[in-house]
Each structure stands twice: as structure tokens, then as C-alpha cells.
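What follows is a single structure, written as C-alpha cells, with notes after it.
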Amino acid sequence: MTQALSLEWAYGFSSSLSGSVVNLSTPDGSVRKLCYIAAHTAVIYDCNTRTQMVLQGHCNPITCLVATEDRSVVATADAGPDSMIVLWNVATGQPVHTISSPHANGVAAMDLTPDGTAIVTVSAAAPAAAAEQEVHVWDLGAEGDEPVLAGVVPEGDVQTCVRFHPNSTGELVTNGKQRVFFWSSQMPLSRELRYYSPPVSARDFKQTVGDFTVSAFTPSAPGSKGGTVRCVTGTADGDIVVWDSGGVAPGGAAAAAAAGMRANDRRAIKILRIHHAAVTFLSTVAGARGTGPTHLVSGGAEGNVRFFDAKFRLVAWFDGLAGGGITSVSFTPAATHNGALDSFGDDEGGGDAPPTGGFDAPNFVVGTDASNVFAVRAATFEESGSAEAIRTAELVLEGTPDAVTAMATHPSQPVLACLGAGGLAWTWNYTTRAVDVKRDLCHRGQGPKPSALCYRSDGRGILVGTVGGGLKALDAETLAEVQVMRFTPHRVIRVVVSDDVKCSHAAVADSGGGGGLFCLPR
């Protein structure tokens with residue numbers, strides 16, 4: 001059946017979601033592609049040809065995007081009625097596996113094994129209800145769409161992040177703002193996931209512990225007394241909490257027992273400050289050839305991306321991306337890395353590090369909450385330093401600079417005028433797919449926010465209403481304010497201009513039920 005409407009282009013992406021951008025580029029640079037979330041749609045964008053392949057099928061806004069290590073498959077999930085998990089073939093854009101209604105309210109968090117054989121999901125919390133969340137592990141090679149492992153999160157803290165243990169699908173971590181849960185399968189024939197939640201006390205660490213944000217597994221340093229793989233959880237204060245087995249549990253044996261912990265279970269062993277603002281992204285990466293030491297990678301709300309060694313010492317930093325807080329860091333896939341976490345190199349830079357013994361990582365892209373995606377050449381840090389690496393970062397995708405609240409089309413040109421929730425106004429050319437001009441109409445928060453707009457029918461100007469009852473006349477080319485007036489104390493909800501040749505009048509409606517008619521100058 002022919003569709004009445006066909007999506008031609010998606011402008012902007014869901015930049016506030018953690019992990020909303022995946023790098024699909026090849027190490028040699030011959031393919032430069034991204035996959036990102038744009039509300040109900042996933043988009044594969046070719047940076048070389050500036051074309052899009054849209055992946056459609058979700059009934060609700062997509063909440064999760066993950067990919068296999070070789071980037072041949074991406075998986076998406078949404079939250080809401082009739083939700084789905086869909087695995088897509090990156091080359092063709094066709095779905096290769098679908099799980100319908102994985103949870104009653106959809107998916108809040110998801111992870112995929114590097115080889116794409118298993119997926120884990122955390123259910124979205126029911127609206128306005130304190131219902132328990134579910135944790136499900138799905139074997140994508142099994143017949144049917146029933147989870148092979150399942151667990152229930154206790155009420156009290158909504159879980160927003162989940163990560164597989166890199167070497168086992170039967171172990172994983174989830175976190176919400178207040179609690180971190182470690183999950184494992186009970187026994188080979190059991191479908192039940194056992195959990196424990198280590199206590200964390202400000203008294204034990206002699207400092208406050210901020211709300212938890214994201215988690216990741218990371219290898220232990222050689223010679224450490226704990227396990228071979230540790231876990232770290234970021235906080236809203238810019239710290240990471242390091243979880244490892246062994247030692248004395250904070251709060252003592254009684255607190256550990258009350259949390260359902262056993263002797264070899266992980267517990268918080270240290271807290272380290274790694275950012276000046278909230279830790280918004282955590283992952284690990286090996287060298288550009290898939291070998292050498294594995295680094296912990298972090299992104300912060302202040303816009304910095306940092307790399308740490310086995311002992312959490314800073315080894316590389318990409319600070320000062322003028323594009324908002326970090327929400328995604330995604331690397332080009334290494335040809336030989338198998339997805340399992342190897343040990344960190346020794347203090348002398350062992351492993352297969354570059355001949356110089358310096359920092360080695362694949363090239364990567366960075367997504368920010370200001371709707372920007374930058375491509376960064378990792379080797380520039382070692383060659384020329386952090387400042388040069390930032391200076392040469394390429395802006396490969398620029399989304400909407402603000403959450404769109406109103407828009408209007410130019411009467412004769414391929415231009416869309418937009419208003420943002422933060423007070424920005426900008427024009428976007430839908431032929432060149434680029435922002436022409438943008439301007440802050442709130443004067444850095446000092447003025448009322450814009451609420452409605454329309455073009456003059458001759459295209460020579462734009463009229464903008466504000467939440468404070470004002471009306472602004474803007475130059476259509478520069479968005480400079482030509483005239484400002486205030487006629488009502490109420491929010492302007494609609495502005496229209498007469499379609500006569502002279503554009504002689506404008507009519508305005510406000511939220512108080514009033515209206516106004518204005519004569520416009522020629």
C-alpha cells in the first residue's frame with residue numbers, strides 16, 4: 001500500500017539521551033557514517049555524501065541505541081504502548097530481528113554483546129506508579145522471543161543504565177540515582193537473575209556521594225587484589241565509584257549481609273574525582289589496532305572527554321569542545337579486537353602500544369546535549385597536544401540548537417524559521433540542510449522567551465510573540481530586532497499576517513482569550 005507521507009529528512013537528533021550516537025565509520029576513513037536517534041526514528045547518516053537512511057517502525061520515541069562491535073548491526077528500543085526492540089542491518093537498513101512488547105511499558109535501558117548474540121533490557125517504569133522494574137536477558141539465536149534470564153528490581157530507585165559484563169552474558173550491572181545493582185544467573189538451569197546492591201555511605205568515604213549517572217565494567221590493574229574486572233559508576237558530582245571484590249565492606253559485615261552480599265561480591269572500594277561536572281558517559285576502549293592497553297573513557301557535562309589507565313591516572317584529555325555536555329563517545333571499530341576486556345598494560349606501557357609508547361586509541365565521534373557531533377582524530381593528542389586535537393575536531397552534524405517550540409516556513413524560499421525553548425531563534429535551509437543564522441531573543445535570559453512566530457507573506461520579516469505578551473518584528477535575513485512592543489500581560493499563542501500584497505496587518509491571540517490587530521509598516 002502506498003504511504004500518504006514519506007519521510008525525506010530528519011533534522012536534529014535526540015541529543016539529551018546517553019549513547020544516542022554510534023560511530024559507523026571504518027578505521028581507514030573510506031566510510032564515514034553515523035547512526036543516531038531522532039525521536040521515533042533512527043538515522044544512518046553518511047558524512048561524505050550528506051545523505052540519510054531512515055530506520056522506521058517504532059510507535060514511540062526511541063530510548064536506546066546500541067551496536068555490535070563490528071558495527072554491522074544496530075539495535076533500537078522504545079518506551080510506551082506497543083514498544084519494540086529492533087535489530088537493523090546497517091548495510092541495507094532492513095530489520096533482521098524484532099522483539100515485540102519486551103516489557104509492559106517499553107525499554108528504559110539496553111545493552112548488546114559485542115558479537116550481537118544477546119541483549120539485556122531494563123523495563124521503563126510505569127507512568128505515575130511505583131511498580132517494580134524488570135531486567136531481561138534475551139538470546140537472539142534462540143527460537144521464540146522469551147527472555148532466557150529475568151530479574152526484578154526492588155521498588156524505590158528507577159534504574160536508568162545497564163551494562164553486560166564483557167566476558168559473560170550471565171553477569172551485568174544496573175544503576176539508578178541512588179543504588180547500583182549487580183546481577184548474575186543463579187545456576188546453569190535457572191532463568192532467575194540474583195542481585196545484590198552494595199551499600200555506599202558518605203561516612204565510610206568521608207565525603208558526600210552524588211547521584212549515580214552511568215556505569216561500565218573495566219579491567220583491573222595487574223597485581224590487584226580484587227577480581228580481573230572491576231566496575232565503575234559515575235556521579236552527578238564528577239566522581240566515579242570503583243567497585244571491586246575483596247576487602248572490608250563499607251558499613252561492616254552486618255551491612256553487607258543486609259544487602260544480600262557474599263564474601264566475593266563487589267563493593268565500593270574508592271571514590272575518585274575525574275570531572276568538574278557530572279559524569280555523563282563511561283566506556284572502555286583498546287588501541288587503534290584493537291590491541292594494547294584498555295583505557296577507561298569518560299565524558300562530562302562540562303564538555304570534556306578523558307582517558308584513564310589501570311590506576312585511573314589521566315593519560316589523555318580532550319577538554320573544551322564548545323558544543324555542550326557529553327552524551328555519547330563512539331569509536332571506529334578495531335579490526336582485531338574481540339570484545340573481551342584484556343588486562344591493562346603495565347606501568348611501562350606494555351602491550352602493543354605505538355612505537356613511541358604514547359597514547360593510542362581509535363578515532364572517535366562525540367555527541368553533545370547541544371545537538372552537535374564532532375569527529376576527533378585521537379592521534380592528534382599524541383602528536384600535537386590536547387588543544388590542537390580540539391581545534392581540529394570536525395563538526396560533522398549540527399542538530400537543532402534548542403528544543404523546538406514553534407516554527408514557520410518562508411513563503412517563497414526553502415527556509416524554516418524555528419523558536420527554541422531556551423530563547424533561541426534560527427533559520428534552517430532545508431535544501432542545503434544547514435543553519436543560516438541564529439540569535440538569542442532572550443538576551444541571555446534577561447528577556448521573555450519567544451512563544452509563537454510567523455513570516456510576513458512577502459518574506460521580508462518575521463513576527464515573534466513572547467510569553468510576556470510582547471511582539472517583536474525581526475529582519476528575516478539576520479533575525480535582528482527591528483521593533484518591539486508589548487500589548488498584553490498574557491502569553492502570545494498565535495501570530496498571523498494578512499496575505500494582501502502590502503502585508504498590511506497582523507493579528508495576535510494570547511492565552512488570556514484576548515486578541516490584537518496591528519497595522520504593519522511597508
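The values are calculated or read from the model by the stated rules, or taken from the named source; none is laboratory data. Quick caveat, the model's predicted, so the values are computed rather than measured. So basically every Cβ, Gly included, is an ideal-geometry build from the backbone, and we count neighbours across all protein chains shown.
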Of everything in the range 53-82, what is among the polar types (S, T, N, Q), over 17 Å from Thr160 (Cα atoms) and buried (at least 17 other Cβ atoms within 10 Å of the Cβ)? Give them in sequence order. Asn60, Thr68
Leu419 in contact with a Leu (Cβ under 7 Å, 6 or more places away or on another chain), of a type in the set (A, V, I, L, M), modelled with pLDDT under 95 and crowded, with 21+ Cβ neighbours inside 10 Å: no
Looking only at the range 290-306, filter to residues that are surrounded by fewer than 20 Cβ atoms within 10 Å (Cβ to Cβ) and within 26 Å of Lys33 (Cβ to Cβ); which one of those is modelled with the highest pLDDT? Thr291
Residues (assigned to a strand (DSSP E or B) and surrounded by fewer than 19 Cβ atoms within 10 Å (Cβ to Cβ)) located in the range 369-395: Glu394, Leu395
Log entry, pairs with first residue in the range 131-147 being free of Cβ contacts under 8 Å to residues at least 60 places away in the same chain, second being of a type in the set (Val, Ile, Thr) and in a loop (DSSP other than H, G, I, E, B), beta carbons closer than 8 Å, six or more apart or on different chains, reads Gln133/Val158; Val137/Val148; Trp138/Val148; Asp139/Thr117; Asp139/Val148; Leu140/Thr117; Gly141/Thr117; Ala142/Val148
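Answer yes or no: is there a residue in the range 494-512 that is assigned to a strand (DSSP E or B), basic (Lys, Arg), touching a Gly at 6+ places or on another chain (Cβ under 6 Å) and surrounded by fewer than 17 Cβ atoms within 10 Å (Cβ to Cβ). I'd like the intermediate steps shown before the answer.
So the first thing to find is which residues in the range 494-512 are assigned to a strand (DSSP E or B), and the list is 494-497, 505-510.
Cutting the leftovers down to basic (Lys, Arg) gives us 494.
Next, from what is left, pick out any that are touching a Gly at 6+ places or on another chain (Cβ under 6 Å): none.
No, there is no match, as no residue in the range 494-512 is assigned to a strand (DSSP E or B), basic (Lys, Arg), touching a Gly at 6+ places or on another chain (Cβ under 6 Å) and surrounded by fewer than 17 Cβ atoms within 10 Å (Cβ to Cβ).
Looking at the structure I just gave you, is Ile62 β-branched (Val, Ile, Thr), within 18 Å of the chain's Cα centre (by Cα) and farther than 30 Å from Arg289 by Cα?
Values: β-branched (Val, Ile, Thr): yes; within 18 Å of the chain's Cα centre (by Cα): yes; farther than 30 Å from Arg289 by Cα: yes.
Considered against the rule, which asks whether it is β-branched (Val, Ile, Thr), within 18 Å of the chain's Cα centre (by Cα) and farther than 30 Å from Arg289 by Cα, Ile62 comes out as yes.
Can you tell me how many residues within the range 133-151 are assigned to a loop (DSSP other than H, G, I, E, B) and surrounded by 13 or more Cβ atoms within 10 Å (Cβ to Cβ)? Spell out how you get there, then give the answer.
Within the range 133-151, the subset assigned to a loop (DSSP other than H, G, I, E, B) is 140-148.
If we keep only those that are surrounded by 13 or more Cβ atoms within 10 Å (Cβ to Cβ) as well, we get 140, 145, 147-148.
Final tally of qualifying residues: 4.
Could we say that Thr113 is of a type in the set (S, T, N, Q) and farther than 18 Å from Ile62 by Cα here? Full working, then the answer.
Values: of a type in the set (S, T, N, Q): yes; farther than 18 Å from Ile62 by Cα: yes.
Spelling it out, Thr113 is indeed of a type in the set (S, T, N, Q) and farther than 18 Å from Ile62 by Cα.
For the range 152-161, check the following and say yes or no: at least one residue is touching a residue at least 60 places away in the same chain (Cβ under 8 Å), buried (at least 23 other Cβ atoms within 10 Å of the Cβ) and in contact with a His (Cβ under 7 Å, 6 or more places away or on another chain).
To start, the set of residues in the range 152-161 that are touching a residue at least 60 places away in the same chain (Cβ under 8 Å) comprises 161.
Now drop any that are not buried (at least 23 other Cβ atoms within 10 Å of the Cβ), which leaves 161.
Then drop every residue that is not in contact with a His (Cβ under 7 Å, 6 or more places away or on another chain), which leaves none.
There is no residue in the range 152-161 that is touching a residue at least 60 places away in the same chain (Cβ under 8 Å), buried (at least 23 other Cβ atoms within 10 Å of the Cβ) and in contact with a His (Cβ under 7 Å, 6 or more places away or on another chain).
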Given Gly106, Gly141, which one is within 27 Å of Met53 (Cβ to Cβ) and touching a Gly at 6+ places or on another chain (Cβ under 6 Å)? Gly106
Only one of Ser16, Ser25 that is in a loop (DSSP other than H, G, I, E, B) and crowded, with 20+ Cβ neighbours inside 10 Å: Ser25
Among the residues of the range 162-219, write down those that are over 28 Å from Gly325 (Cα atoms) and of a type in the set (A, V, I, L, M). Met187, Leu189, Leu193
Between Thr432, Thr488, which is at pLDDT below 95 and either surrounded by 13 or more Cβ atoms within 10 Å (Cβ to Cβ) or not β-branched (Val, Ile, Thr) (or both)? Thr488
Looking at the structure I just gave you, is Thr41 among the β-branched types (Val, Ile, Thr), in contact (Cβ under 8 Å) with a residue 24 or more places away in the chain and closer than 26 Å to Ala403 by Cα? yes
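Of all residues in the range 167-182, count the ones that are over 27 Å from Ser16 (Cβ atoms) and either at pLDDT 95 or above or not in a strand (DSSP E or B) (or both).
Residues of the range 167-182 that are over 27 Å from Ser16 (Cβ atoms), as a first pass: 167-171, 182.
When the remaining residues are screened for being either at pLDDT 95 or above or not in a strand (DSSP E or B) (or both), the result is 167, 182.
Residues meeting the conditions: 2.
Looking for whichever is at pLDDT below 95, surrounded by fewer than 20 Cβ atoms within 10 Å (Cβ to Cβ) and out of contact with any helix residue (DSSP H, G or I) (no Cβ under 7 Å at 6 or more places or on another chain) here; the options are Gly350, Gly323, Gly358. Which one fits?
Numbers: Gly323 fails: surrounded by fewer than 20 Cβ atoms within 10 Å (Cβ to Cβ); Gly358 fails: out of contact with any helix residue (DSSP H, G or I) (no Cβ under 7 Å at 6 or more places or on another chain).
One residue alone meets the criteria, Gly350.
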Residue selected from the range 1-13 under the condition more than 22 Å from Asp402 (Cα to Cα) and among the small types (Gly, Ala, Ser), by the criterion surrounded by the most Cβ atoms within 10 Å (Cβ to Cβ): Ser6
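Assess whether Val404 counts as being closer than 21 Å to Gly470 by Cβ, touching a Gly at 6+ places or on another chain (Cβ under 7 Å) and touching a residue at least 24 places away in the same chain (Cβ under 8 Å). First the steps, then the outcome.
On the way: closer than 21 Å to Gly470 by Cβ: yes; touching a Gly at 6+ places or on another chain (Cβ under 7 Å): yes; touching a residue at least 24 places away in the same chain (Cβ under 8 Å): yes.
Criteria met by Val404.
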Flagged in the range 198-218 as surrounded by 22 or more Cβ atoms within 10 Å (Cβ to Cβ) and modelled with pLDDT under 95, in numbering order, are Pro198, Thr218
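Scanning for something surrounded by 13 or more Cβ atoms within 10 Å (Cβ to Cβ), at pLDDT below 95, of a type outside the set (D, E, K, R) and farther than 19 Å from Ile119 by Cβ, does the range 183-190 turn up at least one residue?
Looking only at the range 183-190, we keep the residues that are surrounded by 13 or more Cβ atoms within 10 Å (Cβ to Cβ), and these are 183-186.
Going one step further and asking which of them are at pLDDT below 95, we end up with 184-186.
Those still in the list that are of a type outside the set (D, E, K, R) too: 184-186.
Now drop any that are not farther than 19 Å from Ile119 by Cβ, which leaves 186.
Yes: the range 183-190 contains one or more residues that are surrounded by 13 or more Cβ atoms within 10 Å (Cβ to Cβ), at pLDDT below 95, of a type outside the set (D, E, K, R) and farther than 19 Å from Ile119 by Cβ.
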Give the range 443-475 a look and list any residue that's β-branched (Val, Ile, Thr) and buried (at least 22 other Cβ atoms within 10 Å of the Cβ), or say none. Ile462, Val464, Thr466
